[in-house]
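Asks: Supplied in structure tokens, the structure appears directly below.
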Amino acid sequence: MNPYRFYQDAYQTELDTQVVRLEGNRLVLTDTIFYPHGGGQPGDSGELIIGDQRIAITDTRYSQDRSAIEHFLDEAACEGLGLSEGDRVTITLNWVRRHRHMRMHSCLHLLCHLIKDPVTGGNVGTDLSRAEFDLSEPLDKAELEARLNATIAEGALVSTEWLPESILDEQPELVRTMSVQPPRGHGAIRMVRVEGLDYQPCGGTHVNNIAEIGKVRIPSIKSKGKQNKRINIELVD
Ligand SMILES: [Zn+2]
């Protein structure tokens with residue numbers, strides 16, 4: 001459905017690929033394992049390997065018209081770098097960072113399972129993530145943290161599927177986040193299922209089993225406006 005490899009296998013850390021173009025410090029490749037910033041998840045970082053030369057990739061983003069994925073190369077290392085179409089290169093992910101994003105992102109979906117109130121926002125970070133809910137009742141931080149960790153420890157498979165985007169008209173309740181509607185116009189929508197717990201449209205990368213998230217901590221729950229509560233999440237390990 002989608003040519004990008006991070007959708008086929010979120011665990012692939014290295015890829016031999018080819019250059020499409022280098023514009024300034026923005027490199028487009030024929031294929032990529034690097035996730036582009038979007039859906040509340042940061043863009044990937046890592047390295048571009050050309051022979052014995054290693055160049056830092058500092059960020060990954062969609063091009064302005066979203067037709068391509070651009071890898072942002074370290075500016076200084078770009079000078080004199082003669083890359084042209086068809087050149088063979090290797091890219092390798094900063095896997096520790098990406099895996100933290102996968103663990104964090106899956107964890108936010110578990111909060112959507114534990115808290116049934118409307119989701120008003122969310123953001124995945126490497127060290128700190130947050131989910132926001134329009135809550136009618138107060139939340140007990142210690143109790144929520146315990147329930148979250150118990151859910152993670154029990155484990156559940158995470159899988160994805162593509163559905164025709166008409167599903168969003170037929171079942172609008174599938175969209176949990178009020179502030180962000182899934183992208184339309186591609187004909188298909190990517191659904192992420194945490195077996196028995198959560199099912200919603202999502203373009204992010206996830207762990208294969210929620211047990212992989214490991215222990216988490218809720219350092220704070222902050223009030224944002226009258227009903228809006230921001231839940232902050234950290235990975236313990
Ligand atoms: Zn998601």
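Asks: Quick one: Cα convex hull volume of the stretch 5-83, Å³ per residue? Before the final figure, lay out each step's value.
Replies: Details: hull volume 7.7 nm³, N = 79.
Spelled out: Cα convex hull of the stretch 5-83, divided by residues, is 97 Å³.
Asks: Once the Cα atoms of the chain are picked out, what are the Rg and Dmax in Å?
Replies: 19.0, 59
Asks: Straight-line reach from Lys226: which aspartates and glutamates have a Cα under 18 Å away, not including same-chain ones fewer than 8 places off?
Replies: Once the sequence-local aspartates and glutamates are set aside, what remains near Lys226 is Asp117, Glu132, Asp134, Glu137, Asp140.
Asks: Size of the dipole of the chain about the Cα centre, Lys and Arg at +1 and Asp and Glu at -1 on the beta carbon, nothing else charged, in debye to 20?
Replies: 700 debye
Asks: Just the number, please: carbon plus sulfur as a percent of the accessible area of the chain, 1.4 Å probe, no ligands or DNA/RNA counted. It would help to have the intermediate numbers written out before the result.
Replies: On the way: 5340 of 11610 Å².
With neighbouring chains kept in place, the figure for the chain is 46 percent.
Asks: In degrees from 0 to 90, rounded to the nearest 10, what is the angle of the helix 141-154 Cα long axis to the longest principal axis of the chain?
Replies: 60 degrees
Asks: Moving to a separate point now. To check my understanding: the extent here is largest minus smallest coordinate of the Cα atoms along each principal axis. What are those three numbers for the stretch 113-164, in Å, largest first?
Replies: 37, 26, 24
Asks: Right, another one. With n ≥ 4 as the cut-off for DSSP H runs, can you work out [θ] at 222 nm for the chain, using -39500 (n - 2.57) per run divided by the number of residues, rounded to the nearest 500?
Replies: My calculation for the chain gives -5500 deg cm²/dmol from helical runs alone.
Asks: Rg to Rh for the stretch 98-235: what is it, with Cα atoms only and Rh by Kirkwood? Show your work: numbers first, answer last.
Replies: Working: Rg = 14.5 Å, Rh = 15.3 Å.
We get a ratio of 0.95 for the stretch 98-235.
Asks: Solvent-accessible area per residue for the chain at a 1.4 Å probe radius, Å²?
Replies: Working: 11610 Å² over 237 residues.
For the chain, the solvent-accessible area averages 49 Å² per residue.
Asks: Also, quick follow-up: I'd like the trypsin sites (Lys or Arg not before Pro) in the stretch 40-144 restricted to DSSP loop residues with at most 14 other Cβ atoms within 10 Å, sorted by number.
Replies: On the way: sites: Arg54, Arg61, Arg66, Arg88, Arg97, Arg98, Arg100, Arg103, Lys116, Arg130, Lys141; in loops: Arg66, Lys116.
Qualifying residues, ordered by number: Arg66, Lys116.
The values are calculated or read from the model by the stated rules, or taken from the named source; none is laboratory data. Computed from a predicted structure; not experimentally measured. Because the Cβ atoms are built from the backbone with ideal geometry, glycine has one as well, and the counts that use them run over all protein chains shown. To get the accessible areas, we keep the full protein, side chains included, count just its heavy atoms, and leave off ligands, DNA and RNA. Shrake-Rupley method; radii C 1.70, N 1.55, O 1.52, S 1.80 Å.
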